[in-house]
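Working notes for the structure below.
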Amino acid sequence: MKKILILTMMMAMVAGAKAQKPTVAGERPSQVSVLADNHAMLRVAEAAKYVLLPVQETEEIAAIAVLDQRNEMVQRLNVKLAVDRVDYWVPYELKGARLLDIVFHGDRRQKGAVGEFVCWKEIRFSDTFDTTNRERFRPLYHHTPLYGWMNDPNGMFYKDNTWHLYYQYNPYGSQWENMNWGHSTSRDLVHWESQPLALEPDWLGSIFSGSCITNGSDVVAFYTSAGMHQTQSMAVSKDGGRTFKKYEGNPVITSDKPDFRDPNVFWYEPTKRWIMILAVGQEMQLYSSADLKDWKYESAFGQGYGNHGGVWECPDLFPLNLKSQASNLKTEKWVLVCNINPGGPFGGSATQYFVGDFDGHKFTCESMPKVTKWLDYGKDHYATVSFYNAPDDRRVVLAWMSNWQYANQVPTKQFRSANSIARDLGLFTDGEETYVSVVPSPEMLAMRGEVVKKPTEACEIVVDLKGQCEIVLSNAKGEQVVMSYDAQQQTFAMDRTQSGNCSFSEAFPCVTTAPTHGTMRQLRLFIDRCSIEAFDSEGRMAMTNLVFPSEPYNNIKVKGGKATIYEIKN
């Protein structure tokens, strides 16, 4: 993606999500050759910057081989080309490509003749691609891709006063496929600027999740090459993370395990070695290296500990300080983050974690094996990882704000999925256990605007609690979200069963409940068009849920507390 795609995510919003024909700068002729009932070729008759491919999400994948002028394949794409209607268009930058060799999958007997597919009439060739927002559910202050599909945050780091966020990205459709690393940057963790693709697939495979570290002036990315097998690869950036050159010795680690992915790397000063933690089936494996190229297996953690309802993914390992209230002294403990899918407390994806100690070789959990701790008790908080090198010794995390149970079906088309707001982590104790505290990052406090009387589609609501409390957000359509705090049971619950559109998945309507680990005195709610994020102001509870109301919630009723509503500044 070039400069035409470099826009802030706080762009002007245009209501409506219907497919719109792209703005084109002179459509150019093409030639289609139908070779069989599942095979066609599209020849680019003239030079153009983009071919705009029409997508129909209910169709099967069409496998596209992109050939150059010498008929050498330069890339493979999987795109759901339109058969009888167009949901939206996606751009492919041609870069000298002259032929698309297309194989359709699925039963063509039910679809009709390939030569009559609507895609041939709707393909456009253009020097521009219109990224103007057409989605009423696109958040106003959460990070989203300009278009296409996004899932796990990857490779996040802070350098030269800039936060870098990479993410699992499909530029060729708004459902999971064609994994690249997308890239966005921010100065304040709220306003994000889209950057060109950072890492694209090669013959080792698609680019799955990973991490970045800073090593002198270099930025080094570690990622999973997802081909016939999953292996770990490395790439180096000499320009601050804008562009990467893949290491010629890739892959740097291999395995015969089928689920072997998501490398997270950090420097461990006591042993003067780099540490990599990897997700391997239902355990985490630790490796060490002196030079980032040769890696030694150290140990594994996970057998018998925590939740094993699904595959373990997207690990992170870092120290946090626990401050003693009595002596004001700090004790360092290590936190191992383990995202799991399925197996979440309310079904599907979620983030669990373990607290313990790390000695440079192995992680030791301080809790009993049966203890499971969740970082967020909503349905839509997954793939949580932290920024490398965050300032002031902060541990700042982002999560993917969706759930694999329905992520491909949520009611948007131009794009799918947002990230949570940034959160800062700490530690607290409840009884004999140590837990991770979660609070909105201070950059969100700077976004507070004027106090307003009614909720808006993008606002922060602070509720001072007097004990038992019920909070109802609603609109004129009768859609509502009911939140309740039970002071006696020390629980907080959110009911989205009547929140709006829940029809796209049976797994979506639900009630989520979280422990509050003590008395909750103040609740902070962040509303942004299609999401509600709830936090205990002291960080002892976090809950993230998507909602899709037909119109914004503009009414609030609070029983057992007082609400103050702040607009969110642009």
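Taking the criterion of being part of a strand (DSSP E or B) and either more than 19 Å from THR519 (Cβ to Cβ) or without any contact (Cβ under 8 Å) to a residue 60 or more places away in the chain (or both), the only residue of the stretch 437-447 that qualifies is PRO440. Scanning the stretch 214-240 for residues that are among the aliphatic types (A, V, I, L, M) and in a strand (DSSP E or B), we see that the one that is surrounded by the fewest Cβ atoms within 10 Å (Cβ to Cβ) is VAL236.
The residue of the stretch 526-558 that is farthest from the chain's Cα centre (by Cα), among those that are open to solvent by less than 10 Å² (accessible area, probe 1.4 Å) and charged (D, E, K, R), is ASP536. Exactly one residue among GLU450, GLU470 is in contact with a Gly (Cβ under 9 Å, 6 or more places away or on another chain), open to solvent by 10 Å² or more (accessible area, probe 1.4 Å) and part of a strand (DSSP E or B), and that residue is GLU470. Count of the stretch 515-525 residues, restricted to those that are under 23 Å from the mean Cα position of the chain (by Cα) and crowded, with 23+ Cβ neighbours inside 10 Å, is 1. Taking THR384 and the conditions (1) more than 26 Å from PHE301 (Cβ to Cβ); (2) polar (S, T, N, Q); (3) outside any loop (DSSP other than H, G, I, E, B), which numbered condition does it fall short on, given that it satisfies the others? Checking THR384 against (1) more than 26 Å from PHE301 (Cβ to Cβ); (2) polar (S, T, N, Q); (3) outside any loop (DSSP other than H, G, I, E, B), the one that fails is (1). Does THR497 fit the bill of being of a type in the set (Val, Ile, Thr), part of a loop (DSSP other than H, G, I, E, B) and under 27 Å from TRP404 (Cβ atoms)? Taking the combined requirement at face value, the residue satisfies it. Considering SER206, SER211, SER174, SER184, the condition of being assigned to a strand (DSSP E or B), in contact (Cβ under 8 Å) with a residue 60 or more places away in the chain and closer than 25 Å to GLU93 by Cβ is satisfied by SER184 alone. Within the stretch 477-498, being closer than 10 Å to TYR553 by Cα and out of contact with any strand residue (DSSP E or B) (no Cβ under 8 Å at 6 or more places or on another chain) holds for LYS477, GLY478, GLU479. Could you check the stretch 37-85 and list, in sequence order, the residues that are open to solvent by 30 Å² or more (accessible area, probe 1.4 Å), assigned to a loop (DSSP other than H, G, I, E, B) and β-branched (Val, Ile, Thr)? If the condition is that a residue be open to solvent by 30 Å² or more (accessible area, probe 1.4 Å), assigned to a loop (DSSP other than H, G, I, E, B) and β-branched (Val, Ile, Thr), then THR58, ILE61 are the ones that fit. Assessment of the stretch 241-261 against the conditions (modelled with pLDDT of 95 or more, on the phi > 0 side of the Ramachandran plot, open to solvent by less than 30 Å² (accessible area, probe 1.4 Å) and among the charged types (D, E, K, R)) yields no matching residue. Return the residues of the stretch 169-189 that are among the aromatic types (Phe, Trp, Tyr) and more than 13 Å from the chain's Cα centre (by Cα); say none if nothing qualifies. Correct list: TYR172 only. Of everything in the stretch 84-94 that is hydrophobic (A, V, I, L, M, F, W, C) and modelled with pLDDT of 95 or more, the residue that is farthest from GLY173 (Cα to Cα) is VAL86. Check whether at least one residue in the stretch 270-284 is on the phi > 0 side of the Ramachandran plot and polar (S, T, N, Q), and report yes or no. Scanning the stretch 270-284 turns up no residue that is on the phi > 0 side of the Ramachandran plot and polar (S, T, N, Q). Annotation note: Cβ proximity below 7 Å between a residue of the stretch 337-358 that is open to solvent by less than 10 Å² (accessible area, probe 1.4 Å) and a residue that is of a type in the set (Val, Ile, Thr) and not in a strand (DSSP E or B) (sequence gap 6+ or interchain) occurs for GLN352/THR372. Tallying residues that are in contact (Cβ under 8 Å) with a residue 24 or more places away in the chain, out of contact with any Leu (no Cβ under 8 Å at 6 or more places or on another chain) and of a type in the set (S, T, N, Q) within the stretch 46-85 yields 3.
For the stretch 506-534, a residue qualifies if it is hydrophobic (A, V, I, L, M, F, W, C), under 20 Å from PRO345 (Cβ atoms) and in a loop (DSSP other than H, G, I, E, B), and the qualifying residues are ALA507, PHE508, CYS510, MET520.
The condition (being closer than 21 Å to TRP149 by Cβ and touching a helix residue (DSSP H, G or I) at 6+ places or on another chain (Cβ under 8 Å)) is satisfied by just one residue among VAL86, VAL79: VAL86.
Considering (1) of a type in the set (Val, Ile, Thr); (2) open to solvent by 20 Å² or more (accessible area, probe 1.4 Å); (3) within 17 Å of GLN522 (Cβ to Cβ), the lone condition that THR456 does not fulfil carries the number (3). Scanning the stretch 134-168 for residues that are more than 14 Å from the chain's Cα centre (by Cα) and in a strand (DSSP E or B), we see that the one that is surrounded by the fewest Cβ atoms within 10 Å (Cβ to Cβ) is THR162.
The values are calculated or read from the model by the stated rules, or taken from the named source; none is laboratory data. In this text the structure is predicted, and so the values were computed from the model without any measurement. Neighbour counts run over all protein chains shown; Cβ positions are idealised from the backbone, glycine included. The area values use the complete protein model at the heavy-atom level, side chains included, leaving out ligands, DNA and RNA. Shrake-Rupley method; radii C 1.70, N 1.55, O 1.52, S 1.80 Å.
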